[in-house]
Amino acid sequence: MAEESKVILHKTYASSYAMRVELALKIKGIQFEYVDEDLSNKSPELLKYNPVHKKVPLLVHNGKPVSESLIILEYIDETWKTGPLILPQDPYERAKVRFWANFIDQHLIPSTRKVWSTTGEEQEKAKDEIMEKLRILEEGLKTTNHENDNLGLLQILLVTLFGSYKVYEEVLGMKILVPENTPLLYSCVTSLNKLPLVKEVCPPHDKMVALVNVYRQKLLKSSTN
């Protein structure tokens, strides 16, 4: 349809939030253009269309900007009715998925940031926080439709956040996803990692290791200033 023809995604290579949107667009089979942003020299379009946060991801659909990854994912699902559903149609099931998506963003991700920006005892405490929140999420996932080959909203969030769980092991010497502790999450993420669309969107392991090493050093440096 003509009114649905112009879609531009502003992103950066390693942003898990941008990967969410890219994956959703590909799931729906939507043709789109990329703008790879340099966050140290942001494009005029990013500053114009996202003046509040000035961050990626930013989706521009026929000149109309949509920001914040969870909002963008819902916008994509509501705008393009063809292709697989990202959110359930049933209002109650949809509400449950939104609850756990918010749990991931508001509770789990802040704990993952702590583990990258700390060392020693403080890092161990952050790891314990992650493991406890993963156990809570494991129980929550049991109440939702969680087929491992279905790329719905929660699966998109999980694979873009923890699909590179082996990077934690290599860079931090820390196991986050452990089948003995959270078998459902582990099975879900490892199964999703095998899907062609996920492989297409998520960076390979070696590149992620290099990127997160730089990211970690920046975080450690900023925490000591």
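The values are calculated or read from the model by the stated rules, or taken from the named source; none is laboratory data. Please read all numbers here as calculations on a predicted model, not as lab measurements. Neighbour counts run over all protein chains shown; Cβ positions are idealised from the backbone, glycine included. Quick note on the areas: whole protein, heavy atoms, side chains included, nothing else; ligands and nucleic acids left out. Shrake-Rupley method; radii C 1.70, N 1.55, O 1.52, S 1.80 Å.
Placing dummy labels 7 Å off each Cα toward the beta-carbon, the span from residue 170 to residue 191 is 2.6 nm.
Summing Lys and Arg as +1 and Asp and Glu as -1 over all other residues whose Cβ lies under 12 Å from the Cβ of residue 11 gives a net charge of -3. When the GluC sites (Glu not before Pro) in the stretch 146-195 are filtered for DSSP coil states and for at most 11 other beta-carbon atoms within 10 Å of their beta-carbon, the remaining sites are 147, 180.
Exposure check, 1.4 Å probe, all protein chains in place: residue 186 carries approximately 70 Å² of accessible surface. Here r is the Cβ-Cβ distance between residue 135 and residue 34 and R0 is 25 Å; the resulting FRET efficiency, rounded to 0.05, is 0.10. Summing Cβ point charges (Lys, Arg +1; Asp, Glu -1) relative to the Cα centre of the stretch 13-136 gives a dipole of roughly 220 debye. A straight Cα-to-Cα reach below 23 Å connects residue 96 with the lysines 28, 81, 133, 142, residues fewer than 8 places away in its own chain not being considered. With the whole protein complex present, residue 36 retains an accessible surface near 110 Å², based on a 1.4 Å probe.
Proximity of backbone amide H atoms, modeled 1.01 Å from N, is registered between residue 58 and 10 at under 5 Å, excluding neighbours fewer than 5 places apart on the same chain.
Taking every DSSP beta bridge that has both ends in the chain, the antiparallel portion is near 65%.
Grab the beta carbon distance between residue 107 and residue 217, set R0 = 41 Å, and tell me the FRET efficiency rounded to 0.05. So the FRET efficiency works out to roughly 0.95.
Label separation (residue 178 vs residue 12): 3.2 nm, computed from points 7 Å beyond Cα along the C-beta direction. Within the stretch 1-134, antiparallel bridges make up roughly 65 percent of the DSSP beta bridges whose residues both belong there.
Using a/c under 1.5 as the rounded threshold, could you call the chain rounded, prolate or oblate? The axes a ≥ b ≥ c are square roots of the C-alpha gyration tensor eigenvalues, and prolate needs a/b larger than b/c, oblate otherwise. Since a/c reaches 1.5 but b/c is at least a/b, the shape of the chain is classed as oblate.
Each of 119, 196, 143 was scored by the projection of its Cα onto the charge dipole of the chain, and the greatest displacement toward the positive side belongs to 119; charges sit on the C-beta of Lys, Arg, Asp and Glu.
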